[in-house]
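J.: I have a structure here, written as structure tokens, and I will follow up with some questions on it.
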């Protein structure tokens with residue numbers, strides 16, 4: 001999103017903590033070329049505890065309702081007078097400081113479900129509450145982007161195509177660390193068998209789809225070959241420059257892999273990756289523990305991604321989200337249960353960063369959703385529409401195709 005002027009008037013009531021409203025945003029009615037802008041979406045499956053990721057240390061109720069798992073204020077990276085970042089996200093501090101990282105707290109789905117299956121389905125279809133939508137919103141996005149003369153426009157990191165990419169647009173599926181763990185289709189005998197089944201059937205739609213997918217897969221592997229050679233040369237140069245000192249451990253290869261693909265193939269416009277393990281019902285921990293152990297490699301991977309993109313970082317929007325948050329109160333097992341409102345992360349692109357945006361209703365029982373969860377006061381689709389309009393330069397018509405039957409608010413963010 002562009003760096004906009006924010007109109008601010010701090011207001012406080014006995015029921016909630018309100019933060020200044022930003023200027024209303026406008027989407028152009030035309031659909032200009034997006035100028036090579038790119039999008040990377042990261043989903044944290046299992047419902048990450050947003051209240052312990054971006055901690056409302058300025059809300060006294062936080063420490064009252066989380067006696068054993070609250071992150072101490074002294075250990076936080078303080079973002080402002082109200083919110084602080086978990087210490088395990090220290091790799092992201094430079095991006096906050098250079099104002100290319102922002103958070104949208106108390107965001108989420110309007111659907112009340114606490115089912116992982118349903119909530120993830122709605123997050124990926126982009127149509128909460130509906131089971132009738134067969135396509136994913138990222139696949140619908142591809143159809144709205146300027147055409148590129150390449151079979152590789154979208155990449156999914158993982159062994160299977162996720163719900164968010166389901167649909168008619170071609171998507172290349174790349175296994176993590178592909179060179180060490182080749183996919184089944186990379187074995188010559190198996191590929192030959194598939195070729196005999198599907199190639200050469202003139203006018204056959206299935207043959208056409210298979211051909212496009214095979215071309216995309218080969219192009220991705222070629223890009224990975226180039227990227228691997230570049231990385232090997234870079235490592236040799238770093239060893240010389242560091243006089244034999246070891247490099248910091250690479251906690252998460254996904255960042256370097258995606259960055260390498262984007263650098264070596266400019267036709268790639270969209271990428272997706274997901275991670276599990278965020279369902280912390282038991283022994284969640286506070287500044288240290290289970291949640292912290294997941295956040296550390298995630299932050300390191302995102303930092304690798306941002307650094308690896310190089311000049312492309314300013315043209316790339318990275319969005320991190322989860323299907324729902326956790327209960328405001330900790331449970332009897334030192335963890336948290338399925339909740340509602342959460343926090344979205346935005347890095348790079350034209351984000352107006354260095355800020356936490358939130359309509360903050362507070363953590364007192366009266367302000368909680370169903371008296372137990374952080375309220376989702378900002379629809380996740382409003383955040384996505386804002387990013388797609390400002391960063392990807394999509395029109396109102398395009399947004400309506402990507403998120404059918406949704407009207408984005410004219411004021412999707414308020415600022416802490």
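J.: Checking residue 57 against (1) at pLDDT 95 or above; (2) in contact with a helix residue (DSSP H, G or I) (Cβ under 8 Å, 6 or more places away or on another chain); (3) under 23 Å from residue 282 (Cβ atoms); (4) part of a loop (DSSP other than H, G, I, E, B): exactly one of these is not met. Which one?
T.: The failed condition is (3).
J.: Do we find a residue being assigned to a strand (DSSP E or B), buried (at least 18 other Cβ atoms within 10 Å of the Cβ), at negative phi and touching a residue at least 40 places away in the same chain (Cβ under 8 Å) anywhere in region 95-102?
T.: Checked region 95-102: at least one residue is assigned to a strand (DSSP E or B), buried (at least 18 other Cβ atoms within 10 Å of the Cβ), at negative phi and touching a residue at least 40 places away in the same chain (Cβ under 8 Å).
J.: Another question, if that's okay. If the requirement is being crowded, with 21+ Cβ neighbours inside 10 Å, within 18 Å of the chain's Cα centre (by Cα) and at positive phi, which of these qualifies: 301, 349?
T.: Of 301, 349, the one residue that is crowded, with 21+ Cβ neighbours inside 10 Å, within 18 Å of the chain's Cα centre (by Cα) and at positive phi is 349.
J.: Under 23 Å from the mean Cα position of the chain (by Cα), under 28 Å from residue 276 (Cα atoms), at pLDDT 95 or above and surrounded by 19 or more Cβ atoms within 10 Å (Cβ to Cβ): which single residue out of 77, 83 fits that description? Give the steps one after another, and end with the answer.
T.: On the way: 77 fails: surrounded by 19 or more Cβ atoms within 10 Å (Cβ to Cβ).
None of the others qualify; the one that does is 83.
The rows are residues; the columns are (1) modelled with pLDDT of 90 or more; (2) touching a strand residue (DSSP E or B) at 6+ places or on another chain (Cβ under 8 Å).
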{"residue": "231", "(1), (2)": "no, no"}
{"residue": "235", "(1), (2)": "no, no"}
{"residue": "254", "(1), (2)": "no, yes"}
{"residue": "282", "(1), (2)": "yes, no"}
{"residue": "307", "(1), (2)": "yes, no"}
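J.: For region 328-346, give me each residue that is free of Cβ contacts under 8 Å to residues at least 40 places away in the same chain and under 17 Å from the mean Cα position of the chain (by Cα).
T.: Selection gives nothing.
J.: Still on this model: Name, by its number, the condition in (1) crowded, with 20+ Cβ neighbours inside 10 Å; (2) over 17 Å from residue 387 (Cα atoms) that does not hold for residue 130.
T.: So the condition that residue 130 fails would be (1).
J.: Within region 103-122, can you find the residues that are crowded, with 20+ Cβ neighbours inside 10 Å and touching a strand residue (DSSP E or B) at 6+ places or on another chain (Cβ under 7 Å)?
T.: Selection gives 103, 104, 105, 106, 107, 108.
J.: For residue 69, only one of the following conditions fails: (1) in a loop (DSSP other than H, G, I, E, B); (2) surrounded by 19 or more Cβ atoms within 10 Å (Cβ to Cβ); (3) at positive phi; (4) modelled with pLDDT of 95 or more. What is its number?
T.: Result: residue 69 fails condition (3) only.
J.: Scanning region 333-346 for residues that are in a loop (DSSP other than H, G, I, E, B) and in contact with a strand residue (DSSP E or B) (Cβ under 7 Å, 6 or more places away or on another chain), which turns out surrounded by the fewest Cβ atoms within 10 Å (Cβ to Cβ)? Lay out the reasoning, then the answer.
T.: To start, the set of residues in region 333-346 that are in a loop (DSSP other than H, G, I, E, B) comprises 333-337, 339-341.
When the remaining residues are screened for being in contact with a strand residue (DSSP E or B) (Cβ under 7 Å, 6 or more places away or on another chain), the result is 336-337, 339-341.
Numbers: 336: 26, 337: 17, 339: 25, 340: 27, 341: 26.
Among them, the one singled out is 337.
The values are calculated or read from the model by the stated rules, or taken from the named source; none is laboratory data. All of these numbers come straight from a predicted model, not from anything done at the bench. For neighbour counting, all protein chains shown are included, and Cβ atoms are generated from backbone atoms with ideal geometry for every residue, glycine included.
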